[in-house]
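Please read the structure below before turning to the comments.
The values are calculated or read from the model by the stated rules, or taken from the named source; none is laboratory data. Since this is a predicted model, take the numbers as computed values, not measurements. A quick note on method: Cβ atoms are made from the backbone with ideal geometry, for glycine too, and the neighbour counts reach across all protein chains shown.
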């Protein structure tokens, strides 16, 4: 019953949000057309519910051929491939707003596990792969709430000379799997509301401790980078 309510709520809220925000996003669209390489949207294949592939929408924040440049799939803080407006859009999370289209289409929800690229999905432990997309992926979720500073963490890893992709494989993805398992075990309206509210607060007042005020029993992990 809740899943049906969630889908109807997602569609309605995404449609209203897109209509209301459109006027405010016109300057962003104009800025992207006039800077960088002049493209507004970025589309990328992601893994969705029941492992079905879909194209995710984002505002373009990196050079078109960035995946084939030095750094590959991993983006670090102050990455040279980020366009003039890209840094602001990524930090403010405005670059994620076009995913409202994905929510309207039913590819995504406001809250759920973040959809990842197929190559990244393969890095998840097999157990995690078996359940993580039993629920519709989200604009925000437990993983994105806890890892809101992911680019800064990866930047620190890179600065120490460690292999960033190996760090993802051995440290980040296994822990993200634990977080998404926790989400599915506590799945419901209250959990989704708390994630949504916590995400909104964290955009304005960044704090690593904030998610645990809302979810004191959520898995914790200290990453030793140095």
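Of all residues being surrounded by fewer than 15 Cβ atoms within 10 Å (Cβ to Cβ) and in contact (Cβ under 8 Å) with a residue 40 or more places away in the chain in region 172-195, which is nearest to residue 124 (Cα to Cα)? Just the residue, please.
188
In region 148-168, which residues are part of a loop (DSSP other than H, G, I, E, B) and under 19 Å from residue 122 (Cα atoms)?
Applying the first criterion (part of a loop (DSSP other than H, G, I, E, B)) to region 148-168 yields 148-149, 160-163.
Scanning region 148-168 gives a single hit, 163.
If residue 225 passes every condition in (1) modelled with pLDDT under 95; (2) farther than 19 Å from residue 132 by Cα; (3) assigned to a helix (DSSP H, G or I) but one, which one does it miss?
Every condition holds for residue 225 apart from (3).
If you scan region 91-104, which residues turn out to be assigned to a loop (DSSP other than H, G, I, E, B) and surrounded by fewer than 17 Cβ atoms within 10 Å (Cβ to Cβ)?
93
Could you please let me know if residue 70 is at pLDDT below 90, under 20 Å from the mean Cα position of the chain (by Cα) and part of a loop (DSSP other than H, G, I, E, B)?
no
Scan region 196-215 residue by residue and report those that are touching a helix residue (DSSP H, G or I) at 6+ places or on another chain (Cβ under 6 Å), farther than 15 Å from residue 150 by Cα and either in contact (Cβ under 8 Å) with a residue 40 or more places away in the chain or not in a helix (DSSP H, G or I) (or both).
198
Filtering region 75-90 down to residues that are surrounded by fewer than 17 Cβ atoms within 10 Å (Cβ to Cβ) and either touching a strand residue (DSSP E or B) at 6+ places or on another chain (Cβ under 8 Å) or over 12 Å from residue 31 (Cβ atoms) (or both), which residue is modelled with the highest pLDDT?
The qualifying residue modelled with the highest pLDDT is 87.
Can you tell me which of (1) part of a helix (DSSP H, G or I); (2) at pLDDT 95 or above is the one residue 107 doesn't meet?
If we test residue 107 against (1) part of a helix (DSSP H, G or I); (2) at pLDDT 95 or above, just (1) comes out false.
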